[in-house]
Amino acid sequence: MNMTPQKNADQPLTESSRHAQINDILQQKKELRSCMRKTLKLFCESPLYEQFSKKAAELFLNSELYRRAPLVLAFVSLKTEIDTHSLIEKMMQDNKKIAIPLTSDTPENGQSMFFKTLRNDDPLEKQLISGNYGIEEPLPELEEVAPETLPAGTVILVPGMAFSMSGARLGKGKGYYDNYLARVPAYAILVGYAFQMQIVETVPCEPHDKPVKYLVTEERIISIAEKI
């Protein structure tokens, strides 16, 4: 008879075990970021970059998600992200209410992010400045959208290095979106907006990582609820 004591699966983790588990997740995130960063850098220099970005934008603009949204919180893409400049300009032409992120990094308040509403009657480029990390951000004087009071049906296009089919998201590690999304109402519709190649089998997650409800790529729109 085997007299070896069995571990209780429900037994709480010790502090050292919890610390080791978090370190393991952080290492997995670091490795996946590194892999995706290299993949995206190469792809975004290819002729397919613009074509795939356009296909994703068309899918989103023709979706019920977009048509029903009273407000879209978008992001201004970097050169190694799916392009959103044309998407934002098309939404402005549709007279959709759009807001884009402005980041702040101060000793007093730490890292924070706000969304500023674009003026649809002004060109996009005239409403952008170079912000933190060289990212294009909105003019600070534009009207702010409070995360706690977003109208029902608001769509938040969330950037990421990678996403899983269960809605898990891997960000860049700065924490701006994690902090912001923790403040938005549960009814806000979080949409991972990325290339199909960024959809991976699993994404390492921590308790504070908020999953998206939909994924939009150049190939399709995926409802996470229908996949789980």
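What follows is calculated from the coordinates using simple rules that are stated; it is not laboratory data. Because the structure is predicted, anything quoted here is derived from the model rather than measured. Here the Cβ positions follow ideal geometry from the backbone for every residue, glycine too, while neighbour counts run over all protein chains shown.
In this structure the amide hydrogen of Ala162, modeled in the peptide plane, comes within under 5 Å of the amide hydrogens of Leu170, none closer than 5 places in sequence on its chain.
Beyond 28 Å in Cα-Cα separation lie the following of the pairs Lys90/Lys213; Lys29/Lys96; Lys54/Lys116; Lys126/Lys213; Lys38/Lys126; Lys96/Lys126: Lys29/Lys96; Lys126/Lys213; Lys38/Lys126. Think of each Lys and Arg Cβ as +1 and each Asp and Glu Cβ as -1; about the Cα centre, that makes the dipole of the chain roughly 500 debye.
Name the aspartates and glutamates eligible as straight-distance cross-link partners of Lys210: C-alpha to C-alpha under 13 Å, and not fewer than 8 places from it in the same chain. Candidates past the 8-residue exclusion: Asp178. With a ≥ b ≥ c the root eigenvalues of the C-alpha gyration tensor of the chain, is it rounded (a/c under 1.5), prolate (a/b larger than b/c) or oblate? The shape class here is prolate. Of the beta bridges in the chain, as assigned by DSSP with both residues counted there, near 60 percent are antiparallel.
Per-residue 3J(HN,Hα) values for segment 151-160, derived from phi via the Karplus relation 6.51 cos²θ - 1.76 cosθ + 1.60 with θ = phi - 60°, read x, 4, x, 4, 9, 10, 7, 9, x, x Hz in sequence order (x marks Gly and Pro).
The listed peptides 187-198, 166-177, ordered by packing as a protection proxy, come out as 187-198, 166-177 (highest mean of other Cβ atoms within 10 Å first).
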